[in-house]
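Peer 1: Got a structure for you, written out below as structure tokens; questions coming shortly.
The values are calculated or read from the model by the stated rules, or taken from the named source; none is laboratory data. As the structure is a computational prediction, the values presented were derived from the model and not from experiment. Every residue, glycine among them, receives a Cβ derived from its backbone with ideal geometry; neighbour counts consider all protein chains shown.
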Amino acid sequence: MAVTGTGGAVKISTNKVAEIENWSLDLGADDIDITSFDSNGWKEYLAGLREWSGSCEGNFDSTDTSGQKAILNAWLAGNKLEFTFVVSDSVSFKGEAYVKPSIEVPVDDKASFSCDFQGTGPLTLP
């Protein structure tokens with residue numbers, strides 16, 4: 001069943017990051033080639049290490065001390081944060097990540113906030 005993105009959110013612990021318009025997660029895994037002479041002409045693989053990363057973007061909100069400012073402070077300190085990426089009331093992903101935030105302030109448009117995430121450790125479906 002399809003769902004709309006209107007119930008989506010990015011949270012740090014239990015605090016919602018304000019003014020986020022969209023987010024994405026990129027899920028990956030290494031493929032370990034185990035092809036041998038016994039593979040009958042077909043390549044064979046084992047699942048290797050998994051990884052995740054992602055990004056979010058939205059409006060810049062200087063009053064969001066437990067969201068956007070927390071991301072900026074974590075970047076300054078080199079600390080990881082615990083994130084929850086909400087799809088809907090029944091689906092979310094949780095994991096710890098290091099952040100690389102960005103603020104854009106064009107003369108002819110709104111100020112925007114974005115952040116890239118590099119997951120460290122597992123991403124779970126709570």
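Peer 1: Name the single residue, out of those in segment 34-52 being surrounded by 11 or more Cβ atoms within 10 Å (Cβ to Cβ) and in a strand (DSSP E or B), that is nearest to the chain's Cα centre (by Cα).
Peer 2: 52
Peer 1: Residue 70 versus (1) in contact with a strand residue (DSSP E or B) (Cβ under 8 Å, 6 or more places away or on another chain); (2) modelled with pLDDT of 95 or more; (3) in a loop (DSSP other than H, G, I, E, B); (4) not β-branched (Val, Ile, Thr): which is the lone unmet condition?
Peer 2: (3)
Peer 1: Quick check on segment 65-80. Is at least one of its residues surrounded by 14 or more Cβ atoms within 10 Å (Cβ to Cβ), closer than 24 Å to residue 96 by Cβ and of a type in the set (D, E, K, R)?
Peer 2: So far as segment 65-80 goes, yes, one or more of its residues are surrounded by 14 or more Cβ atoms within 10 Å (Cβ to Cβ), closer than 24 Å to residue 96 by Cβ and of a type in the set (D, E, K, R).
Peer 1: Consider residue 103 against the criteria (1) at pLDDT 95 or above; (2) closer than 19 Å to residue 8 by Cβ: it satisfies all of them except one. Which criterion is unmet?
Peer 2: (2)
Residue by residue, here is whether (1) within 16 Å of residue 12 (Cα to Cα); (2) in contact with a Leu (Cβ under 6 Å, 6 or more places away or on another chain); (3) not basic (Lys, Arg) holds:
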position: 36; (1), (2), (3): no, no, yes
position: 58; (1), (2), (3): yes, no, yes
position: 69; (1), (2), (3): yes, no, no
position: 72; (1), (2), (3): yes, no, yes
position: 110; (1), (2), (3): no, no, no
position: 124; (1), (2), (3): yes, no, yes
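Peer 1: For segment 97-117, how many residues meet the condition of being closer than 11 Å to residue 81 by Cα and either in contact with a Phe, Trp or Tyr (Cβ under 6 Å, 6 or more places away or on another chain) or surrounded by fewer than 16 Cβ atoms within 10 Å (Cβ to Cβ) (or both)?
Peer 2: Summing the residues that are closer than 11 Å to residue 81 by Cα and either in contact with a Phe, Trp or Tyr (Cβ under 6 Å, 6 or more places away or on another chain) or surrounded by fewer than 16 Cβ atoms within 10 Å (Cβ to Cβ) (or both) in segment 97-117 gives 2.
Peer 1: For the structure I just gave you, tell me whether residue 85 is surrounded by 13 or more Cβ atoms within 10 Å (Cβ to Cβ) and within 20 Å of residue 61 (Cβ to Cβ).
Peer 2: Details: surrounded by 13 or more Cβ atoms within 10 Å (Cβ to Cβ): yes; within 20 Å of residue 61 (Cβ to Cβ): yes.
So residue 85 fits the description; yes.
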